[in-house]
Amino acid sequence: MSAEREGKDEPQFKVALSEDEERFRLLIDSLRDYSVFSLSVEARVSNWNLGAERLKGYTTQEAIGLHLSIFFPEEEKAERVPERILTRAAAEGRAEYEGWLVRKDGSQFWGTLVISAMRDQDGRLHGFSNVARDLTERKRGEKAQTFLSEAGELLTGSLEYERTLQEVARLSVLGMADWCTVAIQGAQGLTVMSAAHADPAQEPSIRRLLRVLPTGGAKPARGIQQVVRTGQPDVCADTLEAAWVRSALGVDTPEHFIALGARSYMCVPLKARGETFGAITFVSVTQGRKYGPVDLGLAEELARRAGLAVDNARLFHEAREALKARDEFLSMASHDLRSPLTSLRLQLQAMRKNLRPDSDGPRSTEKLAARVESMERQTDRMLHMMDALLDITQMTAGRLELKRQKLDLVEMVRASLATLEEELSQSGMQVRLHAEGPVEGLWDSLRLEQIIDNLLSNAVKYGKGQPVDLTVSTDGTTATLEVRDQGVGVAPEDQERLFERFERVRLDRGVTGYGVGLWIVRRVVEAHGGSISIKSRLGEGATFIVQLPSRGQERERNAEARPPTVH
């Protein structure tokens, strides 16, 4: 190549080289998700891309000249991790690190960096290249999966209802909160069933300071009650900027709220089989820790698993109680059936003895007739018991059939009172009927008798000998029967349970029965398209209110509530 040619190409070469350097710089700056910069032999920053500025928070002017070690936590520097990484890169050409790194503002992120030695053709070290990436989300995801896996194992480790609730709270403070509460919807509203604190010594104060208002009160737009009511989560990243958080948590005074130290809060619903039955509340008291979308996603997944675990524990508890009630029922039924059978057997033995040719006993027609009449009563008693057992089977299977006819409810009540006259006379109880005239409708005669008889028998059992008032009325489309006693009454929390199978008010040990009377009443009433409710307070008696549509075409109104037919 001639000197003239060289002189002409050199400026073009420099221009091309300058363009390549610019393209390379633009390439490096376009890597926004990567921190890319070079280090001098002394490990000081010599250039800085936009990704490094975004990741670490330093501008180019601030970063130039900083030593690599400034990006490491103090504990890593104490272990001389930066020096070891550089030594290995210089010796092997490359070194990798994954762990906590530090930003300009002091916050930490989980990252990975690759440091490579930069050498010329003669092998002389001119510095190092550094490529770093933020892996905090990946690390958080791995941690979350580990947490959820451990949570799943712990939650499925027990079928004890209360223990499962406490496990939910304890798991939350291990991985997501400084303190946590689990509230469950009950008859009286929401109740905090379990609480946990990162410091176990603080748990009693958490329970003491938190109070969840009953459902019947004011309905706040945010907070635990709203979460349970709507099934939607609630998050407040900074409680210092939201005055509503105190009432949302159910804390009674500002002083108590301050004592809780809440800085960030979120609440997620507990659900099972499509129904919301409670909520988990997470609270952070750590400065700088604010709940966001990622935390909410993890909380909802934990709540989903917890909801299934709690529901399984609750179902197991209910099944165990149902088996216990069934055993008690079978025991009572066996006892009650044995009594008339024993009496019937004695009567038959007596008759056989009297009918023997060598018998010296009386053989009068009147004596035999009295024994036969007694046996008929015992047989009828057993038949009624068997009918009750058959009704339980049919109603459980959803096979209750109605034979409707035009009836007068007032006359039906009078007939039932006449049937129960002997029982009422023995108890000394006065029954007063209040009715202004006929109350007619299309109902099943036998089933209507069951409603009246069971409600009257219930009033006799628990009425403590006080007068019972029966009121029959109608508004033209709906007939109403009210049975009011002045006995022991029913606590509010027991009122809904009272209409379940094998359930009884257990205030009086002297009262016997299967605990199915009111359950049968509700089934029969609902089969007619009606409803039954109770008004009661302990020690002030109870009023059972039955409402029945008068016209037969309304009988399907509650058809969806019936259990499916079992074949």
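The values are calculated or read from the model by the stated rules, or taken from the named source; none is laboratory data. Here the structure is a predicted model, which means the values were calculated and not measured. Glycine also receives a Cβ, built like all others from the backbone with ideal geometry; neighbour counts cover every protein chain displayed.
Looking at the structure I just gave you, is residue 30 touching a strand residue (DSSP E or B) at 6+ places or on another chain (Cβ under 8 Å) and at pLDDT below 90? I'd like the intermediate steps shown before the answer.
Working: touching a strand residue (DSSP E or B) at 6+ places or on another chain (Cβ under 8 Å): no; at pLDDT below 90: yes.
For residue 30, the condition - touching a strand residue (DSSP E or B) at 6+ places or on another chain (Cβ under 8 Å) and at pLDDT below 90 - is not met.
Let's see how each residue does on (1) loosely packed, with under 13 Cβ neighbours inside 10 Å; (2) modelled with pLDDT of 80 or more:
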residue: 183; (1), (2): no, yes
residue: 197; (1), (2): no, yes
residue: 218; (1), (2): yes, no
residue: 236; (1), (2): no, yes
residue: 243; (1), (2): yes, no
residue: 252; (1), (2): no, no
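Being in a strand (DSSP E or B) and exposed (fewer than 15 other Cβ atoms within 10 Å of the Cβ) is the filter here; which residues of segment 83-101 pass it?
Taking segment 83-101 first, the residues in a strand (DSSP E or B) are 94-101.
Residues satisfying the conditions are 94, 96, 98, 100.
Among the candidates 128, 71, 37, single out the residue that is outside the structural domain of residue 290 (by TED's automatic domain parsing) and under 26 Å from residue 289 (Cα atoms). Working first, answer last.
Numbers: 128 fails: under 26 Å from residue 289 (Cα atoms); 37 fails: under 26 Å from residue 289 (Cα atoms).
The conditions single out 71.
Are there any pairs with C-beta distances below 6 angstrom linking a residue in segment 461-485 that is within 16 Å of residue 537 (Cα to Cα) to a residue that is at pLDDT 90 or above and aromatic (Phe, Trp, Tyr), with the two at least 6 apart or on different chains, and if so which?
483/544
Residues in segment 396-407: is at least one under 18 Å from residue 456 (Cβ atoms) and at pLDDT 75 or above? Working first, answer last.
Initially, segment 396-407 is screened for residues under 18 Å from residue 456 (Cβ atoms), giving 407.
Narrowing the set further to residues that are at pLDDT 75 or above leaves 407.
Yes: segment 396-407 contains one or more residues that are under 18 Å from residue 456 (Cβ atoms) and at pLDDT 75 or above.
Going through segment 53-82 one residue at a time, which ones are basic (Lys, Arg) and either within 17 Å of residue 111 (Cβ to Cβ) or assigned to a strand (DSSP E or B) (or both)? Spell out how you get there, then give the answer.
Residues of segment 53-82 that are basic (Lys, Arg), as a first pass: 54, 56, 77, 80.
Correct list: 54, 56, 77.
Can you tell me how many residues in segment 40-55 are under 24 Å from residue 137 (Cβ atoms) and either hydrophobic (A, V, I, L, M, F, W, C) or touching a residue at least 60 places away in the same chain (Cβ under 8 Å) (or both)? Show your work before the answer.
Restricting attention to segment 40-55, the residues satisfying the condition of being under 24 Å from residue 137 (Cβ atoms) are 48-55.
Checking the rest, the ones that are also either hydrophobic (A, V, I, L, M, F, W, C) or touching a residue at least 60 places away in the same chain (Cβ under 8 Å) (or both) come to 48, 50, 52, 55.
So the answer is 4.
Let me confirm something: among 288, 297, 292, 307, which residue is among the small types (Gly, Ala, Ser), at pLDDT below 80 and assigned by TED's automatic domain parsing to the domain that holds residue 240? Break it down stepwise before answering.
Working: 297 fails: at pLDDT below 80; 292 fails: at pLDDT below 80; 307 fails: at pLDDT below 80.
Residue meeting the stated conditions: 288.
Hey, among 338, 381, 371, which residue is touching a helix residue (DSSP H, G or I) at 6+ places or on another chain (Cβ under 6 Å), of a type in the set (D, E, K, R) and at pLDDT below 70? Talk me through it step by step, then tell me what you get.
Working: 338 fails: touching a helix residue (DSSP H, G or I) at 6+ places or on another chain (Cβ under 6 Å); 371 fails: at pLDDT below 70.
Just a single option satisfies the conditions, and that option is 381.
Residues that are in the same structural domain as residue 551 (by TED's automatic domain parsing), in a helix (DSSP H, G or I), at pLDDT 85 or above and under 24 Å from residue 540 (Cβ atoms): does segment 434-449 have at least one?
no
In segment 270-283, what residues are surrounded by fewer than 23 Cβ atoms within 10 Å (Cβ to Cβ) and either of a type in the set (S, T, N, Q) or not assigned by TED's automatic domain parsing to the domain that holds residue 185 (or both)?
First, the residues of segment 270-283 that are surrounded by fewer than 23 Cβ atoms within 10 Å (Cβ to Cβ): 271-277.
Of everything in segment 270-283, just one residue is surrounded by fewer than 23 Cβ atoms within 10 Å (Cβ to Cβ) and either of a type in the set (S, T, N, Q) or not assigned by TED's automatic domain parsing to the domain that holds residue 185 (or both), namely 276.
For segment 450-481, how many residues meet the condition of being outside any helix (DSSP H, G or I) and either touching a Leu at 6+ places or on another chain (Cβ under 6 Å) or at pLDDT below 85 (or both)? Don't jump to the end; show me each part of the working.
Residues of segment 450-481 that are outside any helix (DSSP H, G or I), as a first pass: 463-481.
Okay, now just the ones that are also either touching a Leu at 6+ places or on another chain (Cβ under 6 Å) or at pLDDT below 85 (or both), so 463-465, 470, 472, 479.
Number of matching residues: 6.
Using the structure shown, decide if residue 457 is under 40 Å from the mean Cα position of the chain (by Cα), surrounded by fewer than 18 Cβ atoms within 10 Å (Cβ to Cβ) and within 22 Å of residue 540 (Cα to Cα). Outline the logic, then answer.
Details: under 40 Å from the mean Cα position of the chain (by Cα): yes; surrounded by fewer than 18 Cβ atoms within 10 Å (Cβ to Cβ): yes; within 22 Å of residue 540 (Cα to Cα): yes.
Yes: the conditions hold for residue 457.
Please verify whether residue 484 is buried (at least 18 other Cβ atoms within 10 Å of the Cβ), modelled with pLDDT of 80 or more, in a strand (DSSP E or B) and of a type in the set (D, E, K, R), treating the condition exactly as stated. Can you show your working first?
Details: buried (at least 18 other Cβ atoms within 10 Å of the Cβ): yes; modelled with pLDDT of 80 or more: yes; in a strand (DSSP E or B): yes; of a type in the set (D, E, K, R): yes.
Yes.
Tally time: how many residues in segment 117-170 are among the hydroxyl-bearing types (Ser, Thr, Tyr), at pLDDT 75 or above and not in a helix (DSSP H, G or I)? Steps first, answer last, please.
Initial filter on segment 117-170 (among the hydroxyl-bearing types (Ser, Thr, Tyr)): 129, 136, 146, 149, 156, 158, 161, 164.
Now drop any that are not at pLDDT 75 or above, which leaves 129, 136, 164.
Among the residues that remain, those that are also not in a helix (DSSP H, G or I) are: 129.
Of the residues in segment 117-170, 1 are among the hydroxyl-bearing types (Ser, Thr, Tyr), at pLDDT 75 or above and not in a helix (DSSP H, G or I).
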